[in-house]
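Each remark here refers to the structure printed beneath this line.
The values are calculated or read from the model by the stated rules, or taken from the named source; none is laboratory data. Everything quoted here is computed from the prediction, not taken from an experiment. Note that each Cβ is placed from the backbone with ideal geometry, even for glycine, and that neighbours are counted across all protein chains shown.
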Amino acid sequence: MKNLDVFVFAQSALVFGVAGLLWPEKFMTLFDVLMFPWPASYRTVRMNSMAAIGLALLLAARILATA
């Protein structure tokens, strides 16, 4: 129960990471807002998606290490 917040954060990072890889055109408007001075591109969306999946894997390793 104490890892519930880490588990929810890991799952949300994994969901947004996979969704960004599968549907980058849906996330382009979000990245246009988040990265205001710089134009968003498919490359930045893919890189952020890969980083989110990597974060989810690191958090999953932390959950498994404490279990």
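Modelled with pLDDT under 85 and in contact with a helix residue (DSSP H, G or I) (Cβ under 7 Å, 6 or more places away or on another chain) - does that describe any residue in the range 50-58? Show your work before the answer.
Filtering the range 50-58 for residues modelled with pLDDT under 85 gives none.
No, that holds for no residue.
What is the number of the single condition among (1) surrounded by 12 or more Cβ atoms within 10 Å (Cβ to Cβ); (2) in contact (Cβ under 8 Å) with a residue 12 or more places away in the chain that T66 does not meet?
Here T66 meets the rest and fails (1).
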